[in-house]
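Participant: One structure follows; several queries about it will come next.
The values are calculated or read from the model by the stated rules, or taken from the named source; none is laboratory data. Model, not experiment: these values are computed from the prediction. Cβ atoms come from the backbone with ideal geometry, glycine included; neighbour counts cover every protein chain shown. Accessible surface areas use protein heavy atoms only, side chains included; no ligands, DNA or RNA. Shrake-Rupley method; radii C 1.70, N 1.55, O 1.52, S 1.80 Å.
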Amino acid sequence: APAHAGVVISQVYGGGGNAGATLQHDFIELFNNGTSAASIGGWSVQYASSAGTTWQVTAIPAGITLPPGGYLLIREAAGAGGSVPVTGDVTANIAMAAGSGKVALSNASSALAGAAPTGSSVVDLVSYGSSTPTEGSPTAVLSNTTAALRNAGGCTDTNNNSADFSVGAPAPRNSASAAAPCDGSGGGGGGGGTPPIAKTIPEIQGSGAASALAGQAVITSGVVTKVLNNGFFMQDLTGDGDPATSDGIFVFTSTAPPAAATVGNLVQVTGSVVEFSSGAGTAATPLTEIGSVTAVSQIGSGYSITPTLVSLPLAAGDSLERFEGMLVRIDGTLTVQQNYFQARYGQLTVGAGGRHETPTNLYRPGTPQALALADLQARSRLLLDDGSSLQNLNPTAYAYADGVPRAGDAVFNLVGVLDYGLATATASGPGLYRLQPTDAPKFLIANPRATKPASPGGNVKLASMNVLNFFTTFTDGTTASGQSAQGCTLGGSSSAGNCRGADSLAEFVRQRAKIVVALAGLNADAVGLMEIQNNGNSAAQNLVDALNAQVGAGTYAVVPTPAQGTGDDAIRVAMIYKPGRLSLVGASISDPAAINNRPPLAQTFAGANGERFTLVVNHLKSKSSCPAAGDADAAGNTDAGDGQGCWNAQRVQQAQRLRTFVAQLQAASTSNDVLLVGDFNAYAQEDPIYDLTSNGYLDQSGRFETLGYS
């Protein structure tokens, strides 16, 4: 619906009664941003989980009419905590998620269907947090103490949730609240009818992280420097000469910008100042934008802006905030740090000073050296983006036939505009300043790929590989052997929802082919595997069959499952080996101790010369999915801010238990030679690894590599 056309969802809160919440109830607030009364009796508000397709319904009683600027509050379920009840006009009992979910307003009472329903009955849709996008992209993640509030008192409606809503303390308004018409009458409309004021771009940006004019309707002008698929950047023609204030800004149009927004045109824009944050991790550094755009008019053409030279690393205490939205040139040559999001988002992390090593891989966490290195790296890097908000574009941005870029390669000719956004795939993750290029970056091979690792000697080759959720039961309930309606086990229950790997046979075949090529290239005598489906050895045998089909029948075999079990997680660790190179000594052994999320798996082998050694595959607790405050597991397992992430205390306990387990293995095998491989979810100087290296274990990566690539 166009702005100011009728009833919208103006506020969503799902943390009622949760830990730390003041309010006892969840709620959904409606608002009439139109110019005439709206009869909404017989309508409904509906809720679905973040990716859910089933909607719970709260009907709005007959006879309810909302005046222009009027609010209606639907009180939903109560939690066990909180001290202040919510006074709703309509009371119901839907229990909404605090962080992520979806809310719909329908002009009917029947339940909607689908993750992002459409149709004539859908009046408004709001997705919040890491949810299925509905109108545009979702709002930032909410919490027990924050709600999503529609900007300008409910008047802003560009059909993009992330731009239309801000995250703040819940402030429920019901029918007894003062009306706030969006035409400005009634005194509380929040800017819908407030005449725009003329401001320059530097005046809008100001010298802080957020604009002092946020929420204000403005008229401003600038030269278009970069056009994206959902807006454009423009820069003040002359600037204000103050290095503390940016001369550029992003104009968010949601869809393709109008023809007037052509690079080199001087345009006048009318809209509202918006502080956009893509998630909790970027909330402290919002991107100042002009949104709710009502007019873009061309004043002239043929203009150009000279890029401002920016040198990295920045001085201590400095920030790229003062260049936000501006056309810049990055001085000198930078190094590609990682390309994890190159295919998905068209992003490369680049930085000054060669390759950046994780500080806690070099220094003990929390030490002055680790903190100083983290600070220096933060001042030295940014994201090279592809100028698009779309995902998985074909061809992949910055992908070249000669294998460039690879981490460690060089890049120069970095010219473009700066904005700020997520540096990870999760809304709660950290952000980085991003360069949206206006010129094509140039790459040089500075870290050529070796054909194979240098051999350190020896006569047995051992390896480990995380196969990233290799499941022979798929998320659609089918299996690699052609069965249907199957499930994966997790904590004693079985369902397709517990499966984490491929979503179909075709996707599984693609996944398996990549893993087989990698394993064949390793050509190791034994390989520890992580993240393989916990279904006995079915998944592991499927992988070995495919591997042997490429390298030769009988080349590899699966180490038998241990009598002690493989745990109750959906994934497990496994092991494969070459019977022609190694022989099994005794049975495999796992450690079912309760502290282990995934029991370590050990197997003693004998080489052709009779020498024995034991290989132990591990997968310690990950750093993600932090325990909630007040949980029994929270002590020592929340993020202490020292670089080690969450669950550090549990990983330390798992490392300590691992030492006990290894001592038992050494006694049973009559061999002291033990190699620990796997995914320890910790860097070389972090507490779990430090516990091992302080008790007689040697870090082989640190022994053989100058750069601790882990």
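Participant: Would you mind telling me which numbered condition in (1) touching a helix residue (DSSP H, G or I) at 6+ places or on another chain (Cβ under 8 Å); (2) open to solvent by 30 Å² or more (accessible area, probe 1.4 Å); (3) of a type in the set (S, T, Y) S624 fails?
Facilitator: The failed condition is (1).
Participant: Please go through the range 571-604 and pick out each residue that is farther than 13 Å from R657 by Cβ, open to solvent by less than 20 Å² (accessible area, probe 1.4 Å) and of a type outside the set (A, V, I, L, M).
Facilitator: Once the filter is applied, which keeps residues that are farther than 13 Å from R657 by Cβ, open to solvent by less than 20 Å² (accessible area, probe 1.4 Å) and of a type outside the set (A, V, I, L, M), the range 571-604 yields R572, S588, Q603, T604.
Participant: Would you mind stating whether P133 is open to solvent by 40 Å² or more (accessible area, probe 1.4 Å) and under 15 Å from S50 (Cα atoms)?
Facilitator: Working: open to solvent by 40 Å² or more (accessible area, probe 1.4 Å): yes; under 15 Å from S50 (Cα atoms): yes.
It is true that P133 is open to solvent by 40 Å² or more (accessible area, probe 1.4 Å) and under 15 Å from S50 (Cα atoms).
Participant: Within the range 142-182, which residues are hydrophobic (A, V, I, L, M, F, W, C), open to solvent by 40 Å² or more (accessible area, probe 1.4 Å), in a loop (DSSP other than H, G, I, E, B) and within 20 Å of A97 (Cα to Cα)?
Facilitator: Start the filter on the range 142-182 by keeping residues that are hydrophobic (A, V, I, L, M, F, W, C), which leaves 142, 147-149, 152, 155, 163, 165, 167, 169, 171, 176, 178-180, 182.
If we keep only those that are open to solvent by 40 Å² or more (accessible area, probe 1.4 Å) as well, we get 167, 169, 171, 176, 178-179.
Of the ones still in play, those that are also in a loop (DSSP other than H, G, I, E, B) are 169, 171, 176, 178-179.
Correct list: A169, A171.
Participant: Any residue at all in the range 499-511 that's over 18 Å from L543 (Cβ atoms) and of a type in the set (V, I, T)?
Facilitator: No.
Participant: Starting from residues that are part of a loop (DSSP other than H, G, I, E, B), of a type in the set (S, T, Y) and modelled with pLDDT under 90, keep the ones in the range 672-710 and report whichever is nearest to C646 (Cα to Cα).
Facilitator: Here is the first cut: in the range 672-710, the ones part of a loop (DSSP other than H, G, I, E, B) are 672-673, 680-686, 694-699, 705-710.
Now drop any that are not of a type in the set (S, T, Y), which leaves 683, 694, 697, 706, 709-710.
Filter once more, so that each one left must be modelled with pLDDT under 90: 706, 709-710.
On the way: T706: 28, Y709: 21, S710: 19 Å.
So, considering only residues that are part of a loop (DSSP other than H, G, I, E, B), of a type in the set (S, T, Y) and modelled with pLDDT under 90, the one nearest to C646 (Cα to Cα) is S710.
Participant: Right, here's the next one. If I ask for residues that are hydrophobic (A, V, I, L, M, F, W, C) and crowded, with 21+ Cβ neighbours inside 10 Å, which ones from the range 669-680 would you list?
Facilitator: We begin by selecting, within the range 669-680, every residue hydrophobic (A, V, I, L, M, F, W, C); these are 674-677, 680.
Answer for the range 669-680, where residues must be hydrophobic (A, V, I, L, M, F, W, C) and crowded, with 21+ Cβ neighbours inside 10 Å: L676, V677, F680.
Participant: Could you give every pair whose Cβ atoms fall below 6 Å, whose first residue belongs to the range 317-336 and is of a type outside the set (A, V, I, L, M, F, W, C), and whose second residue is open to solvent by 50 Å² or more (accessible area, probe 1.4 Å) and part of a loop (DSSP other than H, G, I, E, B), counting only separations of at least 6 or pairs across chains?
Facilitator: D331/S311; T335/R355
Participant: Take the residues in the range 279-293 that are β-branched (V, I, T) and farther than 22 Å from I219 by Cβ; name whichever of them is surrounded by the most Cβ atoms within 10 Å (Cβ to Cβ). Explain how you work it out, then say what you get.
Facilitator: First, pick out the residues of the range 279-293 that are β-branched (V, I, T): 282, 285, 288, 290, 293.
Still in the list and also farther than 22 Å from I219 by Cβ: 282, 285.
Details: T282: 22, T285: 20.
Here the answer is T282.
Participant: Now for a different question. Can you name every residue in the range 341-379 that is in a helix (DSSP H, G or I), among the charged types (D, E, K, R) and more than 20 Å from A315 (Cα to Cα)? Working first, answer last.
Facilitator: At the first step, the residues of the range 341-379 found to be in a helix (DSSP H, G or I) are 342-345, 359-362, 368-378.
Remaining after also requiring among the charged types (D, E, K, R): 344, 375.
Once the filter is applied, which keeps residues that are in a helix (DSSP H, G or I), among the charged types (D, E, K, R) and more than 20 Å from A315 (Cα to Cα), the range 341-379 yields only R344.
Participant: A follow-up question, please. Can you pull out the residues in the range 543-554 that are surrounded by 18 or more Cβ atoms within 10 Å (Cβ to Cβ) and of a type in the set (S, T, N, Q)?
Facilitator: Listed by number, the list is empty, since nothing qualifies.
Participant: Output the number of the condition that D568 fails; it satisfies all remaining conditions of (1) surrounded by fewer than 17 Cβ atoms within 10 Å (Cβ to Cβ); (2) without any contact (Cβ under 8 Å) to a residue 40 or more places away in the chain; (3) under 25 Å from Q483 (Cβ atoms).
Facilitator: Among (1) surrounded by fewer than 17 Cβ atoms within 10 Å (Cβ to Cβ); (2) without any contact (Cβ under 8 Å) to a residue 40 or more places away in the chain; (3) under 25 Å from Q483 (Cβ atoms), D568 violates only (2).
Participant: Return a yes/no flag: does the range 638-650 have any residue that is under 30 Å from T604 (Cβ atoms), at pLDDT 90 or above and surrounded by fewer than 16 Cβ atoms within 10 Å (Cβ to Cβ).
Facilitator: There is no residue in the range 638-650 that is under 30 Å from T604 (Cβ atoms), at pLDDT 90 or above and surrounded by fewer than 16 Cβ atoms within 10 Å (Cβ to Cβ).
Participant: Can you tell which of T426, T396 is surrounded by fewer than 19 Cβ atoms within 10 Å (Cβ to Cβ), within 26 Å of the chain's Cα centre (by Cα) and within 30 Å of D568 (Cβ to Cβ)? First the steps, then the outcome.
Facilitator: Working: T396 fails: within 30 Å of D568 (Cβ to Cβ).
The conditions single out T426.
Participant: Oh, and also: Quick check on G630: is it within 22 Å of T367 (Cβ to Cβ), of a type outside the set (S, T, N, Q) and modelled with pLDDT under 90? Don't jump to the end; show me each part of the working.
Facilitator: Working: within 22 Å of T367 (Cβ to Cβ): no; of a type outside the set (S, T, N, Q): yes; modelled with pLDDT under 90: yes.
Answer is no for this residue.
Participant: Do the conditions hold for V269, that is, is it crowded, with 18+ Cβ neighbours inside 10 Å, aliphatic (A, V, I, L, M) and farther than 30 Å from G154 by Cβ? Outline the logic, then answer.
Facilitator: Working: crowded, with 18+ Cβ neighbours inside 10 Å: yes; aliphatic (A, V, I, L, M): yes; farther than 30 Å from G154 by Cβ: no.
No, not satisfied.
Participant: Separate question: Which of (1) part of a strand (DSSP E or B); (2) closer than 19 Å to P359 by Cβ; (3) not basic (K, R) is the odd one out, the single condition T614 does not satisfy?
Facilitator: Just one mismatch for T614, condition (2).
Participant: Which ones in the range 643-670 are of a type in the set (S, T, Y) and part of a helix (DSSP H, G or I)?
Facilitator: First pass over the range 643-670, keeping only residues of a type in the set (S, T, Y): 660, 669-670.
If the condition is that a residue be of a type in the set (S, T, Y) and part of a helix (DSSP H, G or I), then T660, S669 are the ones that fit.
Participant: Quick check on the range 85-104: of everything there that is in a loop (DSSP other than H, G, I, E, B) and of a type in the set (S, T, N, Q), which residue is surrounded by the most Cβ atoms within 10 Å (Cβ to Cβ)? Full working, then the answer.
Facilitator: Here is the first cut: in the range 85-104, the ones in a loop (DSSP other than H, G, I, E, B) are 85-89, 92-100.
Then drop every residue that is not of a type in the set (S, T, N, Q), which leaves 87, 93, 100.
Details: T87: 13, N93: 12, S100: 20.
Checked the range 85-104; the qualifying residue surrounded by the most Cβ atoms within 10 Å (Cβ to Cβ) is S100.
Participant: Being surrounded by fewer than 13 Cβ atoms within 10 Å (Cβ to Cβ) and part of a strand (DSSP E or B), is that true of even one residue in the range 481-494?
Facilitator: Within the range 481-494, the subset surrounded by fewer than 13 Cβ atoms within 10 Å (Cβ to Cβ) is 481-485, 491-493.
Checking the rest, the ones that are also part of a strand (DSSP E or B) come to 493.
Within the range 481-494, one or more residues are surrounded by fewer than 13 Cβ atoms within 10 Å (Cβ to Cβ) and part of a strand (DSSP E or B).
Participant: Does F232 satisfy the condition of being among the aromatic types (F, W, Y) and open to solvent by less than 10 Å² (accessible area, probe 1.4 Å)?
Facilitator: On the way: among the aromatic types (F, W, Y): yes; open to solvent by less than 10 Å² (accessible area, probe 1.4 Å): yes.
So F232 passes the test.
Participant: Moving on. So which of Q369, Q377 is open to solvent by less than 30 Å² (accessible area, probe 1.4 Å) and farther than 24 Å from I305 by Cβ?
Facilitator: On the way: Q369 fails: open to solvent by less than 30 Å² (accessible area, probe 1.4 Å).
Just one listed residue meets the conditions, Q377.
Participant: Moving on to the next point. Which residues, taken from the range 309-344, are within 27 Å of Y400 (Cβ to Cβ) and out of contact with any strand residue (DSSP E or B) (no Cβ under 9 Å at 6 or more places or on another chain)?
Facilitator: Listed by number, the residues that qualify are A343, R344.
Participant: Is it the case that some residue within the range 210-217 is hydrophobic (A, V, I, L, M, F, W, C) and either open to solvent by less than 10 Å² (accessible area, probe 1.4 Å) or over 26 Å from S319 (Cα atoms) (or both)? Steps first, answer last, please.
Facilitator: Here is the first cut: in the range 210-217, the ones hydrophobic (A, V, I, L, M, F, W, C) are 210, 212-214, 217.
Add one more test, that the residue is either open to solvent by less than 10 Å² (accessible area, probe 1.4 Å) or over 26 Å from S319 (Cα atoms) (or both), and what stays is 217.
Checking the range 210-217: at least one residue is hydrophobic (A, V, I, L, M, F, W, C) and either open to solvent by less than 10 Å² (accessible area, probe 1.4 Å) or over 26 Å from S319 (Cα atoms) (or both).
Participant: Still on this structure, please answer the following. Give Q666, Q653 a once-over and let me know the one that is under 12 Å from L620 (Cα atoms) and open to solvent by 20 Å² or more (accessible area, probe 1.4 Å).
Facilitator: On the way: Q666 fails: under 12 Å from L620 (Cα atoms).
Q653 is the lone residue from the list that is under 12 Å from L620 (Cα atoms) and open to solvent by 20 Å² or more (accessible area, probe 1.4 Å).
Participant: Out of the residues in the range 498-512 meeting the condition of being farther than 20 Å from V573 by Cα and touching a residue at least 12 places away in the same chain (Cβ under 8 Å), tell me which one is surrounded by the fewest Cβ atoms within 10 Å (Cβ to Cβ).
Facilitator: Of the range 498-512, the ones farther than 20 Å from V573 by Cα are 503-507, 509-510.
Remaining after also requiring touching a residue at least 12 places away in the same chain (Cβ under 8 Å): 503-505, 507.
Working: D503: 14, S504: 12, L505: 16, E507: 14.
In this case the residue turns out to be S504.
Participant: Still on this structure: Of all residues in the range 534-560, which are touching a helix residue (DSSP H, G or I) at 6+ places or on another chain (Cβ under 9 Å) and part of a loop (DSSP other than H, G, I, E, B)?
Facilitator: G554, T555, Y556, V559
Participant: Another question, if that's okay. Tell me, which residue of the range 576-597 that is under 31 Å from the mean Cα position of the chain (by Cα) and in contact (Cβ under 8 Å) with a residue 40 or more places away in the chain is farthest from N542 (Cα to Cα)?
Facilitator: Looking only at the range 576-597, we keep the residues that are under 31 Å from the mean Cα position of the chain (by Cα), and these are 594-597.
Add one more test, that the residue is in contact (Cβ under 8 Å) with a residue 40 or more places away in the chain, and what stays is 595-597.
On the way: I595: 30, N596: 26, N597: 24 Å.
Restricting to residues being under 31 Å from the mean Cα position of the chain (by Cα) and in contact (Cβ under 8 Å) with a residue 40 or more places away in the chain, the top hit is I595.
Participant: Suppose the filter is surrounded by 14 or more Cβ atoms within 10 Å (Cβ to Cβ) and touching a Ser or Thr at 6+ places or on another chain (Cβ under 9 Å); does Y420 pass it? Break it down into steps so the answer makes sense when it comes.
Facilitator: Values: surrounded by 14 or more Cβ atoms within 10 Å (Cβ to Cβ): yes; touching a Ser or Thr at 6+ places or on another chain (Cβ under 9 Å): yes.
Judged against the criteria, Y420 is a match.
Participant: Looking at G42, G52, G16, G82 in this structure, which one is assigned to a loop (DSSP other than H, G, I, E, B), buried (at least 22 other Cβ atoms within 10 Å of the Cβ) and touching a strand residue (DSSP E or B) at 6+ places or on another chain (Cβ under 8 Å)?
Facilitator: Working: G42 fails: buried (at least 22 other Cβ atoms within 10 Å of the Cβ); G52 fails: buried (at least 22 other Cβ atoms within 10 Å of the Cβ); G82 fails: buried (at least 22 other Cβ atoms within 10 Å of the Cβ).
After applying the criteria, what remains is G16.
Participant: Same structure, new question: In the range 21-74, which residues are closer than 24 Å to C155 by Cβ, polar (S, T, N, Q) and at pLDDT 95 or above?
Facilitator: S44, Q46
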